[in-house]
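Since every read-out is calculated from the coordinates, none of them should be taken as a lab result. As the structure is a prediction and not an experimental result, all values here were calculated from the model. Cβ placement follows ideal geometry from the backbone for every residue including glycine, while neighbour counts extend to all protein chains displayed.
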Amino acid sequence: MSVRIVDVCEITKPISSPIRNAYIDFTKMTTSLVAVVTDAVRGGKRVVGYGFNSNGRYGQGGLIRERFFTPRLRVKSYEELNAWLLDKCVAFPKAHKHPELPDKTIWQVFEEERPKLIPVPGRFDGFHATQASVSKTCLVRFDTNKYSVPSRAVGRPVEVHAYADRIAIRQDGAVIAEHRRLFGRGQTVYDPWRRAESAH
């Protein structure tokens with residue numbers, strides 16, 4: 001039977017101790033208490049899991065809420081995600097003072113420095129590269145999925161360039177196949193036209 005989490009609660013409580021030394025005063029020690037509430041019922045009572053954590057001397061309520069309680073962002077495309085990130089990147093410096101020039105916002109200082117900045121020549125080519133082999137069925141495995149390549153690539157190593165949205169497969173310095181990146185498990189993507197070209 002599946003169990004669903006319906007609520008998560010966190011609170012920071014003191015657990016002071018009279019112990020102290022030259023570096024640490026344990027009288028101010030705290031811990032984070034977390035309760036995970038589920039929809040399961042046992043003996044007429046709701047099943048709740050409890051845990052606590054204290055990293056060093058203090059509770060970590062802020063980190064817990066930020067890393068585990070923040071709702072995951074849902075977007076329909078990378079373009080929508082990038083637009084959301086751009087709005088956040090602009091909103092923060094406009095709303096916060098510059099640490100060294102408190103009479104100005106970070107954005108105001110950026111605008112003053114903008115004419116002196118060197119423009120980036122084109123899109124940043126960011127990818128994860130890894131070596132791979134080509135199977136006899138003209139497939140290259142990356143993560144848990146397989147991507148097709150021309151038959152002429154069989155028997156020789158290739159380099160996989162994994163971008164956020166696509167997979168580029170290179171051999172001898174040239175791109176021999178490019179596919180939309182898959183994020184599931186055990187999937188295979190073919191390009192029959194590329195295989196037909198390699199057969200001629």
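Normalised by 2.2 N^0.38 Å, where N is the number of residues, the alpha-carbon radius of gyration of the chain equals 1.62. Beta-bridge orientation, the chain: approximately 95 percent antiparallel, per DSSP, counting only bridges with both partners inside.
A helix-only calculation puts the chain at -5500 deg cm²/dmol for mean residue ellipticity at 222 nm, using -39500 (n - 2.57) for each DSSP H run of at least four residues, averaged over all residues. The modelled label-to-label distance between Y190 and A40, using points 7 Å beyond Cα along the C-beta direction, is 4.4 nm.
The alpha carbon centroids of segment 81-96 and segment 135-161 are separated by 39 Å.
Annotation: amide H of F142 within the under-5 Å range of Y147, sequence separation 5 or more or interchain, hydrogens built in the peptide plane.
Placing unit charges on each Cβ (+1 for Lys and Arg, -1 for Asp and Glu) gives segment 5-69 a dipole about its Cα centre, and among V8, T30, G62 the Cα reaching farthest toward its positive end belongs to T30. Structural descriptor for segment 130-178: relative contact order 31 percent, calculated from alpha carbon pairs under 8 angstrom and at least 6 residues apart.
Gyration tensor analysis over the Cα atoms of segment 128-199 returns equivalent ellipsoid semi-axes of 17, 14, 11 Å (largest first, whole Å).
So if the hydrodynamic radius of segment 50-163 is defined as the Kirkwood radius over C-alpha pairs, what does Stokes-Einstein give as its diffusion coefficient at 37 °C and 0.692 mPa s, in µm² per second? Approximately 164 µm²/s, per Stokes-Einstein.
With all pairs of separate Cα atoms included, segment 5-69 yields a Kirkwood hydrodynamic radius of 13.3 Å.
Amide hydrogen proximity for Y58: with H placed 1.01 Å from N in the peptide plane, the residues at 5 or more positions away or on another chain lying under 5 Å are T30.
In this Cβ point-charge picture (+1 for Lys and Arg, -1 for Asp and Glu), segment 128-199 has a dipole of about 200 debye about its Cα centre.
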